[in-house]
1. In the stretch A:170-198, which residues are crowded, with 18+ Cβ neighbours inside 10 Å, within 19 Å of residue A:232 (Cβ to Cβ), touching a strand residue (DSSP E or B) at 6+ places or on another chain (Cβ under 9 Å) and more than 14 Å from chain B (Cβ to nearest Cβ)?
2. In the stretch A:77-98, which residue that is surrounded by 23 or more Cβ atoms within 10 Å (Cβ to Cβ) and closer than 18 Å to residue A:11 by Cβ is nearest to the other protein chains (Cβ to nearest Cβ)?
3. If I filter the stretch A:147-165 down to residues being in contact with a helix residue (DSSP H, G or I) (Cβ under 6 Å, 6 or more places away or on another chain) and either farther than 23 Å from residue A:258 by Cβ or modelled with pLDDT under 95 (or both), which single residue comes out as surrounded by the fewest Cβ atoms within 10 Å (Cβ to Cβ)?
4. Among the residues in the stretch B:81-92, are any assigned to a loop (DSSP other than H, G, I, E, B), closer than 27 Å to residue A:77 by Cα, within 11 Å of chain A (Cβ to nearest Cβ) and touching a residue at least 60 places away in the same chain (Cβ under 8 Å)?
5. For the stretch B:130-163, which residues satisfy the criterion of being away from every other protein chain (no Cβ under 14 Å) and in contact with a strand residue (DSSP E or B) (Cβ under 9 Å, 6 or more places away or on another chain)?
6. Just checking, how many residues over the stretch B:8-35 are closer than 30 Å to residue B:203 by Cα and either assigned to a helix (DSSP H, G or I) or free of Cβ contacts under 8 Å to residues at least 12 places away in the same chain (or both)?
7. Just one of the numbered conditions (1) surrounded by 19 or more Cβ atoms within 10 Å (Cβ to Cβ); (2) within 13 Å of chain B (Cβ to nearest Cβ); (3) over 21 Å from residue B:92 (Cβ atoms) is not true of residue A:101; which one?
8. Just wondering, is there one or more residues in the stretch A:148-159 that are in a loop (DSSP other than H, G, I, E, B) and within 14 Å of chain B (Cβ to nearest Cβ)?
């Protein structure tokens, strides 16, 4: 089985679907000759040509709107917003239009659209803001964030084949490393809305997404040496949220920590905690801890490390809920 | 005539409906000559006549404005949304300018499928200032998409007068995009048809988009119940032509219709509208049955 980076796995999925389905068209900035931001579309122009790999003006609203319209009229567009920081420029299309259309047309219109974007800390430090939680709030979106290359490929296949708008969020820090085994010979989709247990454990449920999954696994290794057995859940999807997987885990471990790169306030962790509080309030033996970026606009340069969550902060959080700090 | 009569009935039934009176020639002239496989993206100010051209049923459209069961879209969206199954670009929110983006996407789909279908999109002079308009037209120009943009300039954006918010002229912007821009008398249906036909032919043959500015006049308020306290009657122009009178006189001059025939058309349309309104009013109100908790996502066969 080949060993691919997250980026390579995503490109493999897009290329597979573009070969299989002539309706798939890719739209974005720098997606052609440059090979994409973070080399995210490398090789696609050479194989599919400029008619299907469409270089768009820097106009996020226009290009997302055009992708929605193309989806309504029979195409299956993937539109790339190079970085999550540029999402606000397309917000009318992303919030008022794409997720509403199916419902608002009485269930008639379909919007098979993938919006691909990159968030968080990254290889060259730019554009770190992570606004993913906004899209967990709005009905009509499906939102996925893979944490390992095989899921990145499988979720992208699912996203392109889905008849609804899917926001595909890549954690930039995972773009080029680590590599992981990816079954490139199959068309195996990873279902949207299904979490996975990345590591089983008995003492505490550590629910993570995107870049915080590998950080949580590292934290779990450290904690194992201290005698704390951590279960790590990789959510994979932010909407719909696999609360069943989380609740089942917490019912066994009776302790909960959440970890994501976006902010804590009004965030995904709060939603997880609420789901647990609704489903099994008496299961919790200790107060929960939510780990995320400090409540400041994610800063640049050397200040940033002080704002971001990491394995050490996760370790501290788990120790706290286990009464070891 | 259909446009005006239906609009009057709807305004009477719902003070929140956006009256079209005075602007009918632009609406009709922009869309009447399209094929049914072309996409239409009419402006929100009473686009029903455009949906009727595609085969929508009048009583069902009336249901949308009255909040009755039987309308398209299950009563969930803004009432001016049309039936998407008739190649109508949907209106699902009241945010202006986004419709130009989705309409441009319809044109992208037609170019991708290699057909000669086109999209015609109308928008208001108020909408013209949204950044979305610039983004969409520039994108369409870069990609030579088969679309025609028609600005239905009625002089007003709710309570603001056009001179206060459009610096320069809308049609002149076409030059900046490197596309044809034509200004036309929006009260003359033949004139509108002629310039739109030329732009549509150009789009069909793969030569890309055009921008048309149809100058017309909003006779009434932004909504039917608008008291228009912001309008100074002494400043209203006195030479605004009634597009229906203009066309009626032309038909008679050319011997294509006489007064009797025109009166018969009016009577026929009045009866049609009245029947549609009666049927719509007899329908039950929309409510919990249309909430559709399971209708947010499309089921995926994959």
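The values are calculated or read from the model by the stated rules, or taken from the named source; none is laboratory data. Quick caveat, the model's predicted, so the values are computed rather than measured. So basically every Cβ, Gly included, is an ideal-geometry build from the backbone, and we count neighbours across all protein chains shown.
1. A:171, A:173, A:180, A:195, A:198
2. Step by step, filter the stretch A:77-98, then rank; the result is A:77.
3. A:157
4. No, the conditions are met nowhere in the stretch B:81-92.
5. B:148, B:150, B:151, B:152, B:153, B:154, B:155, B:156, B:157, B:162
6. 8
7. Result: residue A:101 passes all but (3).
8. No: the stretch A:148-159 contains no residue that is in a loop (DSSP other than H, G, I, E, B) and within 14 Å of chain B (Cβ to nearest Cβ).
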